[in-house]
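Following: one structure in structure tokens, then a few remarks.
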There are 2 protein chains.
Amino acid sequence: VDSLSCTVLGFAGKLAQVARDDPRRVVHSLKAGLALTLVSVIYYVTPLFNSWGDSTVWAVITVVVVMEFTVGGTLSRGLNRALATLVAGFLAVGAHMAAQLCGEKGEPILLGVFVFLVGSAATFSRYIPEVKARYDYGVTIFLLTFSLVGVSSYRVEEIIELAHERFTTIAVGVAICLFTTVFIFPIWAGEDLHKLTTGNLDKLAEFLEGTYSNDLDELEFPCIPYDKGMGSECFGENSSWENLEDKAFLQVYKSVLNSKVREDSLCTFAKWEPMHGKFCFRHPWNQYQKLGTLCRQCASSMEALVSCVTTLKKSQYPEANPELCQKIGATCAAMSLNSAKALRGLSLAIWTMTTPSPINNDMSTATKAASDFRAEFSEDVALLQVMHMAIVASLLSDIVIQIGRITESTNN
Amino acid sequence: VDSLSCTVLGFAGKLAQVARDDPRRVVHSLKAGLALTLVSVIYYVTPLFNSWGDSTVWAVITVVVVMEFTVGGTLSRGLNRALATLVAGFLAVGAHMAAQLCGEKGEPILLGVFVFLVGSAATFSRYIPEVKARYDYGVTIFLLTFSLVGVSSYRVEEIIELAHERFTTIAVGVAICLFTTVFIFPIWAGEDLHKLTTGNLDKLAEFLEGTYSNDLDELEFPCIPYDKGMGSECFGENSSWENLEDKAFLQVYKSVLNSKVREDSLCTFAKWEPMHGKFCFRHPWNQYQKLGTLCRQCASSMEALVSCVTTLKKSQYPEANPELCQKIGATCAAMSLNSAKALRGLSLAIWTMTTPSPINNDMSTATKAASDFRAEFSEDVALLQVMHMAIVASLLSDIVIQIGRITESTNN
């Protein structure tokens, strides 16, 4: 009994965690339940049910498969479903008419050939990237409707009536879904994408600041423990180099690296969304994807930096060349703090949708620090060359260590 | 007319490209068409159609939504669909019986409440990662069947008969899908995962060798132009440093970085697959995911290395310290060639599913070269410290440049 209650408690804790991670999930679940209840009312209100008959099931099916987390997702699925049904219905009626011309024996054979051709072509079209991204669900529904109408042995007049009923019920289902998603606590994919992009910029800034700022709370993100800055942490006077691997800010870039899939799907959905809040219909959503790619490149450089910084910490040198070290440290602090400021400015500018103005100052300071550093070192050509070669060798030896890990894992 | 024929030709070229990228896509499309034609035969063969009536549409629906590229995918969807229908059917009949106890007025209200509760709970359960990964489709079907049966105003005896018919037709649909996927040119997710993993190891090796070897042809991969080795290319006697950014082998790690999504889905599907070829039912598919994570870490280090190597090339030094440079170059060549050999050995061992034996020699040579390099440099503490600080500063200045790009992109 004890182990059972333990399992139940563990499961409840997991559910609570899922809800805490994004409370809108609970809202969406309740909305889905509400939409289903609404559509089942159609079943119980007799006059409606009588006029539509068996086709009412299509309204229920539509609600179950069309209901999505974001408004854009629901719209995209709903429009895909409605349009695909319409197009497939017309095509199937055409196929029926063509097949009927061939007489009673030829009809099933010709219809079979049509189903085979359309089925193969539609399945193949899903491998075209553009179709896959925006119309994947539509192709499924197209194929479904075409096969259902095409292979059914009804007469054409019956089919047209049936198609009409089915289309009406699907439209009712889509309307119910849209009603619940748009009017009850709407969740906009565009807003999520906007938040994801500014969040990514903020995370890059946090890494460079070495801090989890409280600004994030304003953006409705979960609060993360406060930590001390990367500038002062790694290169400042009080830098301790201790437990550097445990510092939370050195992990913050990782979620940026993994944001691509979510960003792509949000972007696809956002394109379907109508005007809402500060976003117009043809908001340049593709720009967010471009910015996201740049952010991920930056995060991947940060990963390399973290591996260097942690190696540096492990091989604790006695202060061999304090003057030069201090100089480089100061340059590093200047670079990281100024780029962080620039990133914060960018994030704010995107968040408020204004043109970024005071950023360029911070950015030029950071760029100047970077080029100064390069210029200063280039004076000592011999040292620079050895250094560069050594960087390559050191990175390569990191790779050797990682391949060692791969070997171990394979042997297991 | 010319621009139209241009568009048509362009589209045809795109289709041909999609087919060339993976010819199995054409095979799968034809198989999907065949399965649809098979199921439509059920419609035309009158005795079968008469005994099942309207429920035959469920066989068609099943074929359209269950047919997947790999055997594992089809099995997973088919089993999900069959099981979910069964469970939801039983639950819905139970809900109906409970609701009938409440009299004619209470019944629709109680059923509405049931639909709301089950709908919300099922939608919420999809946010649990484990459910999402393996049973996402099953939850949709569960919800669909429960709402359909639950809200229908049939009597219970009719429902049981209906459920029986529907389950039989769904089973027929699943059987047809499995028949076409398993017996006609089967495409196994497990085999694809196996190929992806060994392919990733080979790509890492190619990067280190700086060559696209012909071994790949044996693994049925497209042939890529032959290039010269990374060892000799970057650190050898004839290293030219020219056009290094154009070298194809410096891009080869990128596809490894992006392999996670495909790997995860293949792994989920592979777990559903029965014994086939050299793979048993409980093949340790999770190990492939672990190995994949390590490979991606390695590829991300390679990205850092590429950025260093290309910077090194740009800042063409006069030979300032030829002796030391040659030494480091030799170490680098030793590290890269030996790790590449080790990777090739691993890849071969995984491909043939034997225990890797001669690998450890190469690996230990590479590891020795790496530690020798570190040991040698650690003698000159001052140089080492400056070097390490400089690496950090240099990586940081890379990040500054990338943030500059982000700023530019935002201003546009």
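Evaluated at q = 0.11, 0.22 Å⁻¹, a Debye calculation over the C-alpha positions of the stretch A:127-206 (equal weights, vacuum) places log10 I(q)/I(0) at -0.57, -1.08. Over every Cα atom in the stretch B:1-146, the radius of gyration and the widest Cα-Cα span, Dmax, amount to 21.7, 72 Å.
Label-point spacing for A:A175 across the identical copies (point 7 Å from Cα in the Cβ direction), in nm and ascending order: 4.2. From the largest down, the stretch A:158-202 spans 60, 20, 6 angstrom on the principal axes of its Cα atoms. Averaged over the residues of peptide A:267-273, the number of Cβ atoms from other protein chains lying within 10 Å of each residue's Cβ is 0. Would you please classify the overall shape of the stretch A:8-47 from the alpha carbon gyration tensor, given that a ≥ b ≥ c denote the square roots of the eigenvalues, rounded means a/c under 1.5, and beyond that prolate means a/b larger than b/c while oblate covers the rest? Taking the square roots of the gyration eigenvalues as a ≥ b ≥ c, the stretch A:8-47 is oblate. Of all chain A residues, the one whose Cβ lies closest to the rotation axis that maps A onto B, given with that distance rounded to whole Å, is A:A304, 2. Which pairs, out of B:K203/B:K368; A:K278/B:K260; A:K260/B:K195; B:K14/B:K132; A:K195/B:K132; A:K132/A:K195, put more than 31 Å between their alpha-carbon atoms? Among B:K203/B:K368; A:K278/B:K260; A:K260/B:K195; B:K14/B:K132; A:K195/B:K132; A:K132/A:K195, the Cα-Cα distance tops 31 Å for A:K278/B:K260; B:K14/B:K132. Sorted from closest to farthest, the other copies place their B:V93 label points 4.0 nm away, with each point set 7 Å from Cα along Cα→Cβ. Which value in nm describes the separation of the simple spin-label points at A:M353 and B:D372, placed 7 Å from the Cα toward the beta carbon? Between A:M353 and B:D372, the label points sit 6.3 nm apart. Association of chains B and A removes close to 11300 square angstrom of accessible area from solvent, both sides included, for a probe radius of 1.4 Å. Label separation (B:Q326 vs B:V41): 7.6 nm, computed from points 7 Å beyond Cα along the C-beta direction.
By definition, a body whose alpha carbon gyration tensor gives a ≥ b ≥ c is prolate when a/c is 1.5 or more and a/b is larger than b/c, and the stretch B:57-118 fits this prolate description. Based on alpha-carbon centroids, what's the gap between the stretch A:68-107 and the stretch B:80-137 in Å, whole number please? Rounded to whole Å, the Cα centres lie 30 Å apart. If a/c stays under 1.5 just call it rounded; otherwise compare a/b with b/c (prolate if a/b is bigger, oblate if not). Do that for the stretch A:102-162, with a ≥ b ≥ c from the square roots of the Cα gyration tensor eigenvalues. Since a/c reaches 1.5 but b/c is at least a/b, the shape of the stretch A:102-162 is classed as oblate.
The gain in end-to-end length when the B:L101 to B:K132 segment is fully stretched comes to 7.6 nm, 0.36 nm per residue minus the alpha carbon separation.
The values are calculated or read from the model by the stated rules, or taken from the named source; none is laboratory data. Not measured: the values here are computed from a predicted model. Reconstructed Cβ throughout: ideal geometry from the backbone, glycine too, with neighbour counts over all protein chains shown. Side chains included, ligands, DNA and RNA excluded: accessible areas come from the protein's heavy atoms. Shrake-Rupley method; radii C 1.70, N 1.55, O 1.52, S 1.80 Å.
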